[in-house]
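The values are calculated or read from the model by the stated rules, or taken from the named source; none is laboratory data. These numbers were taken from a predicted model, which means no experiment stands behind them. Counting neighbours? That spans all protein chains shown, and the Cβs are built from the backbone with ideal geometry, glycine included.
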Amino acid sequence: MWTTLLISCSGNDPGQIEGDRQGIPYIAPASLNLDTLLLHDFTEKITEQFYPNIHSVLIVKDGFLVYEEYFSGNDQAVLIKVSQT
C-alpha cells in the first residue's frame, strides 16, 4: 500500500516560473502568496519528528509545484513501503 497526499489550491496569478520538476512547473511559494515562514516551521517540525513517519511532502498550488521536501534520507527516487499486508 502506498500513501500519497497531494494538496492543490487555486486562485492566484503564478508570476515567474522557476523551473520544471518532472513535468510539473515549479514556482517559489512566495510567488503565490504562501507563508514561507509557516512552510519553514512545518519542515522543522517534520525534521524534529514532531510529525513522525513523514518521508516526503509535495504541495501543488494553481498547477505549480511550490514545495517539495524529502526527509529521513529519502529522495524522489526512493519508494517506501508504508504498510504490510
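A few notes on this one:
- Residue count, the range 1-38 (criterion: modelled with pLDDT of 70 or more and in contact with a helix residue (DSSP H, G or I) (Cβ under 6 Å, 6 or more places away or on another chain)): 3
- Taking each residue of the range 44-56 that is surrounded by 13 or more Cβ atoms within 10 Å (Cβ to Cβ) and looking for partners that are not in a loop (DSSP other than H, G, I, E, B) with beta-carbon atoms closer than 6 Å, six or more apart or interchain, yields Ile54/Ile46; Ser56/Tyr70.
- Scanning the range 47-61 for residues that are in contact with a Phe, Trp or Tyr (Cβ under 7 Å, 6 or more places away or on another chain) and under 22 Å from Ile27 (Cβ atoms) gives Ser56, Val57, Leu58, Ile59.
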